[in-house]
Amino acid sequence: MLSCHHMEETKQKRSVLIVDDEESLTNVLARKFTDEGIIAYTAYDGKQGLELALEKHPDVILLDIMMPEMDGFDVMKALQQDPWGKDVPVILLTNSSSLDTVAKAVTSGMSEFLVKTEMKLDQVVDHVKRRFE
Amino acid sequence: MKGYVYSHAQKKFRITRKRLLISGALASVLVIWLSREFFVQFFFRVQTRFAEFFALSSFEAQILLFISLLSLLFGVTAFLTWTYYEKMRAAEIAEQPPSTQEVMKALAVSARQLQLLYDNGPVPYFIMDDDGNVRNPNKATTRFFALASDGTHVSSLYDQIVAVRGVNSREAIDLFVEKVKRGVAISDEEVTLKTLRGAERIVLISIFSVERDSPLLYKHLVAFHDVTEDRESERIKTDFLLLASHQLRTPTTTIKWHTDYLLGTESVQMDETVREYLHEIYNANERMMDLVATLLTVSRVEMGILAPEYVRIDCRELVDDILHELASNIAKKRHTVHTTIPDQSMVYADRTMLRVAIHNLLTNAIKYTPSEGSITVVVDGNHKSRTISVTDSGYGIPVQEQCHIFSKMFRASNAKKISADGTGLGLYLTRSFIEKLGGVLTFTSEEGKGTTFVMHLPQAGAPHASYPTAE
């Protein structure tokens, strides 16, 4: 049995990395996670995102696809090469719901596929929290 | 019958110009002779006036008057006989069978006219044998393929086919060729042809063939219509719609998440008015996102990139689920909903497409039925087909507008008055989806009484036969 204090400590340790070139969306989502007591790291392109992921080892990564430098699929490929990265849950968060993207996402080893326009902030947070369990 | 009698009479006594003129002259003389007393009296009375008027001697006046009257009489006679003669002659020509020479001449003229029409017509034509060998291409064909004037540079039409209905495969082309060889009538089939300059053009081709056992070697008449530009402009329009909708998604998501954050957080202090306005912004943005989603779907339907994935669907479960989703709207208008769905009403279809189709029909029924009206959903059918109908006791569709109801962006005049909201894309999409599923969407409507939409979906023999099921 964990004490309340211990639980609080464990909860605070949970972290998420948001990789999306839409800064304004990334920031509001990060703020929501912070409000929920989750550490949110943000990166605005794929390359920066990959570096931050390998450095901070977040519990979950929220990854956009179309980004400058490295796109989401390139980031996925690089993560697969890393001993830690190959097991980290990656949730794809995109606005492209084309069949092509979905098919590519499924085969790239992503855990989930969320369409931004269809999600409320609470729902995104819920999906991430489920991955903590 | 009158004409026949005429010709019969003409055979006995042939009327000629000379004979007519003589008989006319004789008739004039006879008229003058018979009315000689009146004529003499008239002549001398007029002659006196004539002499006075022109200051002539009596003899001079008599001569002048006599010549004038005679000229007038003969003039009138000649005019009447000439007109009569022309009429008779025309009737005679019409009755007489033409001579072989005349027939040949007329045929040659017709053939020449036909040839001119064939050669210079804007539609490409040519004839073809079973192996696709091209003969007698008209100028439009020559221009299209960039052929030499005798058309010998295209040995076979089949070699110029790049794709059939947009499918660039040997099987699709072979199937098309097989249809031509069998003499199956081909009407406006979309085919991509390669010209001799290597350009690819999309055409709607029609091939009319004579009987298969005909001794004719070139038994297929081919005509086609170049639609490359039309397809290109459609593609540009659809691409634009797709791009615009994609680009709209980011700003609408930004509005959604920021208003959502402000409405959900306790860390920002705001009064009730601000909160209320934020709700308005949030809801308006949601409507815009729905519109963008619909536009995206329309683009995908039109680009043909939306292929149905057939699964086995329980109609009762699907309808109940949609009704559950729409429950608050139904409750707001106090509608009574009846459903008649037998157990095990299964249908093979694409779940998303069928869901959107039923959802659209039910949303319309709720929107265009006054408060306390009724909505009925009936699922029926057998192993061959399944029908799903949605009936409402609503405002109905005006008769004169019923033919446009499935057109893109169309909204009935009474619908516009009832609700300003609406894209005019719902029914267009619903029908597109039902047709993609191999079905048909029909409706009956009476203004002021209500509307029934019926989806007819195939079961056995439908393309789903080879598709995996969800179970």
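The table below gives the values:
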quantity: Those residues of segment A:11-41 which are within 14 Å of chain B (Cβ to nearest Cβ) and in contact with a strand residue (DSSP E or B) (Cβ under 6 Å, 6 or more places away or on another chain), in sequence order; calculated: A:Ile18, A:Thr26, A:Leu29, A:Ala30, A:Phe33, A:Thr34, A:Ala40
quantity: Segment B:366-386 residues that are surrounded by fewer than 19 Cβ atoms within 10 Å (Cβ to Cβ), paired with ones that are acidic (Asp, Glu) and assigned to a loop (DSSP other than H, G, I, E, B) (beta carbon under 6 Å, 6 or more apart); calculated: none
quantity: Set B:Ser233, B:Ser245: member being farther than 30 Å from B:Pro124 by Cβ and either among the small types (Gly, Ala, Ser) or in contact with a His (Cβ under 8 Å, 6 or more places away or on another chain) (or both); calculated: B:Ser245
quantity: Which listed residue, of A:Val124, A:Val128, is assigned to a helix (DSSP H, G or I), more than 14 Å from every other protein chain (Cβ to nearest Cβ), in contact (Cβ under 8 Å) with a residue 40 or more places away in the chain and buried (at least 19 other Cβ atoms within 10 Å of the Cβ); calculated: A:Val128
quantity: Which listed residue, of B:Glu229, B:Glu234, is more than 13 Å from chain A (Cβ to nearest Cβ), in contact (Cβ under 8 Å) with a residue 12 or more places away in the chain and part of a helix (DSSP H, G or I); calculated: B:Glu234
quantity: Identity of the residue in segment B:397-416, of a type in the set (S, T, N, Q) and over 22 Å from the mean Cα position of the chain (by Cα), that ends up nearest to B:Glu446 (Cα to Cα); calculated: B:Asn414
quantity: In segment B:296-311, the residues that are among the aliphatic types (A, V, I, L, M) and either more than 10 Å from every other protein chain (Cβ to nearest Cβ) or surrounded by 12 or more Cβ atoms within 10 Å (Cβ to Cβ) (or both); calculated: B:Leu296, B:Val298, B:Val301, B:Met303, B:Ile305, B:Leu306, B:Val311
quantity: Flag for B:Leu441 being farther than 30 Å from B:Glu372 by Cβ, part of a strand (DSSP E or B) and hydrophobic (A, V, I, L, M, F, W, C); calculated: no
quantity: Any pair with Cβ under 6 angstrom, 6 or more apart, that starts in segment B:237-260 at a residue that is within 20 Å of B:His279 (Cα to Cα) and ends at one that is surrounded by 13 or more Cβ atoms within 10 Å (Cβ to Cβ) and of a type in the set (Gly, Ala, Ser); calculated: B:Thr254/A:Ser24
quantity: Pairs where the first residue, in segment B:271-295, is within 14 Å of chain A (Cβ to nearest Cβ) and at pLDDT below 85 and the second is exposed (fewer than 13 other Cβ atoms within 10 Å of the Cβ) and not in a helix (DSSP H, G or I), C-beta under 8 Å, 6+ apart; calculated: B:Arg287/B:Asp421
quantity: Some residue of segment B:91-103 being within 30 Å of B:Leu221 (Cα to Cα), modelled with pLDDT of 90 or more and hydrophobic (A, V, I, L, M, F, W, C); calculated: no
quantity: Selection count, segment B:247-270, where residues are facing chain A (nearest Cβ under 9 Å), polar (S, T, N, Q) and not in a helix (DSSP H, G or I); calculated: 2
quantity: Scope segment B:62-88; condition under 14 Å from B:Lys18 (Cα atoms) and among the polar types (S, T, N, Q); matching residues; calculated: B:Thr77, B:Thr81, B:Thr83
quantity: Hits in segment B:312-356 - residues which are assigned to a loop (DSSP other than H, G, I, E, B) and surrounded by 15 or more Cβ atoms within 10 Å (Cβ to Cβ); calculated: B:Leu326, B:His335, B:Ile341, B:Ser345
quantity: Helices (runs of 4 or more DSSP H) contained in segment A:31-111 and holding at least 2 residues of a type outside the set (Asp, Glu), more than 18 Å from A:Val124 (Cβ to Cβ) and within 12 Å of the chain's Cα centre (by Cα); calculated: A:46-56, A:72-80
quantity: Those residues of segment B:208-225 which are surrounded by 13 or more Cβ atoms within 10 Å (Cβ to Cβ), touching a residue at least 60 places away in the same chain (Cβ under 8 Å) and closer than 20 Å to B:Ser156 by Cβ, in sequence order; calculated: B:Tyr218, B:Lys219, B:His220, B:Leu221, B:Val222, B:Ala223, B:Phe224
quantity: Test: residue in segment B:222-237 that is more than 30 Å from B:Val180 (Cβ to Cβ) and within 26 Å of the chain's Cα centre (by Cα); calculated: yes
quantity: Criterion violated by A:Asp59 - all others in (1) more than 16 Å from A:Asp87 (Cα to Cα); (2) touching a residue at least 40 places away in the same chain (Cβ under 8 Å); (3) among the charged types (D, E, K, R) satisfied; calculated: (1)
quantity: Checklist (1) of a type in the set (Asp, Glu); (2) over 18 Å from B:Arg300 (Cβ atoms); (3) within 24 Å of the chain's Cα centre (by Cα) applied to B:Glu372, failing item; calculated: (3)
quantity: Some residue of segment A:101-121 being in contact with a Lys or Arg (Cβ under 8 Å, 6 or more places away or on another chain), within 14 Å of chain B (Cβ to nearest Cβ) and among the β-branched types (Val, Ile, Thr); calculated: yes
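The values are calculated or read from the model by the stated rules, or taken from the named source; none is laboratory data. This structure is a prediction, so every number in the text was calculated from the model and none was measured. Positions of Cβ are backbone-derived with ideal geometry, glycine not excepted, and every protein chain shown enters the neighbour counts.
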